[in-house]
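The next block holds one structure in the form of structure tokens; read it before the comments.
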Amino acid sequence: MKAKKPNEISVLLGYAGKYKALTFLGMFLSAAAMVMGMIPYVCIWLAARDLIAAAPDWTEATNIGTYGWAAFGFAFGGIVIYFAALMCTHLAAFRTAANIRKQGVAQMMKAPLGFFDNYGSGYLRNRLDGGASETETLLAHNLADIVGTAAMFIAMIVLMFVFDWRMGLSCLFAAVISVLAMFSMMGGKNANLMMEYQTAQDVMSKAGTEYVRGIPVVKVFQQTVYSFKAFKAAIEDYSNKAEKYTGGVCRVPQSVNLTATEGVFIFLVPVVLLIAPSALSAGNFAGFITNFAFYAVFSAIVSTALARIMFAASGLMLAKTALARIDTVMNAPTLEITNNPQTPKDNGVEFRDVTFTYDGAETPALEHVSFKALPGQTVALVGPSGGGKTTAASLIPRFWDVSSGSVTVGGVNVKDVDPHVLMDKVAFVFQNTRLFKTSILENVRAARPTAAREEVISALHAAQCDDIIEKLPNGIDTLIGSEGTYLSGGEQQRVALARAIIKDAPIIVLDEATAFADPENEALIQKALKTLTEGRTVIMIAHRLSTVVGADKIVVLDNGHVAEEGTHDELSHAGGLYERMWKEYNQAVTWKIASVKESA
Ligand code: ADP
């Protein structure tokens, strides 16, 4: 049997934790305030009754003042209690949003690093932080109003029997029509149309942001607005969906809803006209007029209550989409953490029959991959694009965990190593290495917070960053990203290399493309690499075969399989994929040299 999905309110209250009670208190106070707010209408009824009974000698109606004060007291009390209700619900809503953020961050801390590569931190922040704020309206206002409105309807039914059930029924009838009209717009198959309409609105607003971001490109390349097809298509799609939903689905029900909401009085008048003759003949005309006066005034609050339901329904919808956004973070995979950590015996790395499939992918990115890097060895991963080099490298620092087989460090499965120990042992520099918006000093020191300033300077020197530091206004104290201080991709990666150097980890996982991002600085970067890799175990994703010639071992990955394995001397004459790649590489280099000579 399919498990029932918990509804949005219970999911949200789940996040509220101990503030759940405060939400319930707020809901109760809101109901109490709503009922108190109805008592002044009863006072009006009492005053009208006394006045009509005393007519025309109004001075006889001595209790009018009391009723007036009582009406004022209850109305004022209702406002005070509603204020208290909102205080409770707001406090609970802010705390719940804070809890959502805390739980989300806690969940992210448990997620594997690859999760952040897939989504990007900006996107995740937006999902969690934006989603959490969007739940506030529902918890702070809508829930209290839903309960208050329900209490009001119950009180209305009670009053219906206390005064005149026929007039009460006519007011209730208007409310029922309005509610039915609202549900016909939002329920059943129309719910899907409404969802499509809202999604189209979302897509359009995102495309709009992209459009604005892309304006500089349009200006530089003199492109016309037609280059922004996506935005235009999003507007057209939104326009179609909006017309389909608002024109096709909402036009009639919304008109009915608004008429019923705003015109409760219209339902009351015919009923009053119908029952007036019988009231006259029964000799109870005074009572009849009193009841009419009551309902005439009372009908106004029915409209208010219905408007609240409408807001509450949209608050629920908003909470639903907000929760879906939050789920991206809450459903993040969790990196298994061992209860019985073992210490790696040395700095070797081994892949034992590793198969790995990305979440949602149909074919494995790696299949039955085995190879070994002895402590201090440099192993180069080469092969065609998409062969699985990056995937293999990212399994060592546990960006992801293998689907089967094992990756071991110092003879211990990486899953059985304490994550902190693993992070101390492995430094990695991948292509998308990011720097923080802080000083160069702090960026490098992030890898080892206890590092002294001099150590940072010498790591930057070893990573060949001297020229970068020299041109910055405040040297290593310059904030990256501020006052127009931006580093090129290659420069950022050299700073990232310095970070890896200062970490002083015995195992390095490195994407060589990173190191060669600035071809003009190749010699400098070769030097930096030498410092980084000396005396360490290195797993290097190699793109330029010149760097792998000296490697202790080359592992050729093709289509997720190890196609060949050996040294450069062995493989360059083995008649396999590596030999072909080596020949192509040399040809390319020869062409390059020839073309340089020609142009010289
Ligand atoms: P290489 O580094 O050799 O170019 P990759 O390890 O990047 O190869 O890719 C191996 C395979 O895994 C490719 O088919 C690629 O499309 C797939 N792949 C890589 N990263 C992801 C990811 N984050 N999610 C799903 N599939 C991926």
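Figure legend: label point modelled 7 angstrom from the Cα of Ala230 along Cα→Cβ; residues of the stretch 100-135 with amide N under 19 Å from it are 118-127.
The Rg/Rh ratio of the stretch 236-277, with both radii computed over alpha carbons and Rh defined as the Kirkwood radius, is 1.37.
Note on the stretch 8-330: the alpha carbon radius of gyration divided by the globular reference 2.2 N^0.38 Å gives 1.32.
Estimated at the nearest 10 Å², the accessible area of Ser299 is 10 Å² with a 1.4 Å probe. Taking the accessible area of the chain, probe 1.4 Å, and keeping the other protein chains in place, the carbon and sulfur fraction comes to 61%. Residues Leu497, Leu172, Leu51, sorted by accessible area with the largest first, give Leu51, Leu172, Leu497 [1.4 Å probe; ligands and nucleic acids excluded].
Axis angle, to the nearest 10 degrees, between helix 251-262 and the longest C-alpha principal axis of the chain: 50 degrees. Here r is the Cβ-Cβ distance between Asp117 and Gln201 and R0 is 30 Å; the resulting FRET efficiency, rounded to 0.05, is 0.50.
How much FRET efficiency would the formula 1/(1 + (r/R0)^6) give for Asn240 and Asp327, where r is the Cβ-Cβ distance and R0 is 25 Å, rounded to 0.05? Before the final figure, lay out the partial values.
On the way: r = 29 Å, r/R0 = 1.15.
So, using R0 = 25 Å, E works out to roughly 0.30.
Between the Cα long axis of helix 143-162 and the first principal axis of the chain there is an angle of about 20°, rounded to the nearest 10.
Placing unit charges on each Cβ (+1 for Lys and Arg, -1 for Asp and Glu) gives the chain a dipole about its Cα centre, and among Met194, Leu268, Leu172 the Cα reaching farthest toward its positive end belongs to Leu268. Full extension of the chain segment joining Thr450 with Asn126 gains 113.4 nm, where the gain is 0.36 nm per residue of separation less the Cα-Cα distance. For the stretch 38-141, trypsin sites (Lys or Arg not before Pro) meeting the loop criterion (DSSP other than H, G, I, E, B) and having at most 15 other Cβ atoms within 10 Å: none.
For the stretch 418-466, the Kirkwood estimate of the hydrodynamic radius, built from every pair of different alpha carbons, is 12.1 Å.
Dipole magnitude for the chain: computed about the Cα centre from +1 point charges on Lys and Arg Cβ and -1 point charges on Asp and Glu Cβ, it is near 1100 debye. Which log10 I(q)/I(0) values, to two decimals, does the stretch 343-384 give at q = 0.35 Å⁻¹ under the Debye formula with one point per Cα? The calculated log intensity ratios at q = 0.35 Å⁻¹ are -1.14.
In this simple spin-label approximation, Ala307 and Glu579 carry label points 7 Å from Cα along the Cα→Cβ vector, and these lie 8.4 nm apart. Taking all protein chains into account, the per residue accessible area for the stretch 533-588 stands at 47 Å² (1.4 Å probe).
Seen from every direction in turn and averaged, the convex hull around the alpha carbons of the chain projects onto 41.1 nm². Pairs spanning more than 21 Å between alpha-carbon atoms, out of Lys20/Lys320; Lys527/Lys583; Lys372/Lys415; Lys503/Lys553; Lys425/Lys527: Lys527/Lys583; Lys503/Lys553; Lys425/Lys527. Computed with a 1.4 Å probe on the full set of protein chains, the accessible area for His543 sits at about 90 Å².
Going by accessible surface with a 1.4 Å probe and the largest first, His420, His141 read His420, His141. Here each label is just a point 7 Å from Cα along the line to Cβ, and for Ile215 and Asp424 those points are 5.2 nm apart. Between Ile157 and Leu274, the FRET efficiency from the beta-carbon distance, with R0 = 22 Å, is close to 0.55. In the chain, the longest principal axis of the Cα atoms and the axis of helix 165-186 are about 20 degrees apart.
If you take the Cα atoms of the stretch 275-372, find Rg, then find the Kirkwood Rh from the mean of 1/r over all pairs, what is Rg/Rh?
Working: Rg = 35.6 Å, Rh = 22.0 Å.
Here the Rg-to-Rh quotient is 1.62.
If the chain linking Asn63 and Thr334 were pulled fully straight, counting 0.36 nm for each residue of separation and taking away their Cα-Cα distance, it would gain 90.5 nm. With protein chains left intact and a 1.4 Å probe, residues in the stretch 8-330 average 52 Å² of accessible area per residue. Expressed in units of 2.2 N^0.38 Å, where N is the residue count, the Cα radius of gyration of the stretch 349-597 is 1.05. Kirkwood Rh over Cα pairs of the stretch 141-200 into Stokes-Einstein at 10 °C, 1.306 mPa s: D in µm²/s? Reported coefficient: 117 µm²/s.
Using C-alpha pairs under 8 Å with a sequence gap of at least 6, the mean separation divided by the residue count of the stretch 91-196 gives a relative contact order of 26 percent. Set Lys and Arg Cβ to +1 and Asp and Glu Cβ to -1, take the dipole of the stretch 1-86 about its Cα centre, and tell me which of Met34, Ala61, Ser10 lies farthest positive. Of Met34, Ala61, Ser10, it is Ser10. Percent of alpha carbon pairs in the stretch 169-303 separated by more than 27 Å? Tail of P(r) above 27 Å: 51 percent of Cα pairs. One decimal place: the segment Arg434-Ser370 gains 20.0 nm when fully extended, by the rule 0.36 nm per residue minus the C-alpha distance. Distance between the pseudo-spin-label points of Asp569 and Arg251 (7 Å out from Cα toward the beta carbon): 8.5 nm.
The stretch 463-503: which GluC sites (Glu not before Pro) are DSSP loop and have at most 10 other beta-carbon atoms within 10 angstrom? Of the GluC sites (Glu not before Pro), the ones in loops of the stretch 463-503 whose Cβ has at most 10 other Cβ atoms within 10 Å are Glu483.
Of the chymotrypsin sites (Phe, Trp or Tyr not before Pro) in the stretch 340-440, the ones in a loop by DSSP (not H, G, I, E or B) with at most 12 other beta carbons within 10 Å are Phe436. Based on the Kirkwood radius over alpha-carbon pairs, what is the Stokes-Einstein translational diffusion coefficient of the stretch 1-94 at 4 °C with 1.567 mPa s viscosity, in µm²/s? Here the translational diffusion coefficient equals 81 µm²/s.
By the rule of a C-alpha distance below 17 Å, with chain neighbours fewer than 8 residues away ignored, the aspartates and glutamates paired with Lys102 are Asp129, Glu134, Glu136, Asp327.
The values are calculated or read from the model by the stated rules, or taken from the named source; none is laboratory data. Not measured: the values here are computed from a predicted model. Reconstructed Cβ throughout: ideal geometry from the backbone, glycine too, with neighbour counts over all protein chains shown. Heads up: the accessible areas ignore ligands, DNA and RNA and are worked out on the full protein's heavy atoms, side chains in. Shrake-Rupley method; radii C 1.70, N 1.55, O 1.52, S 1.80 Å.
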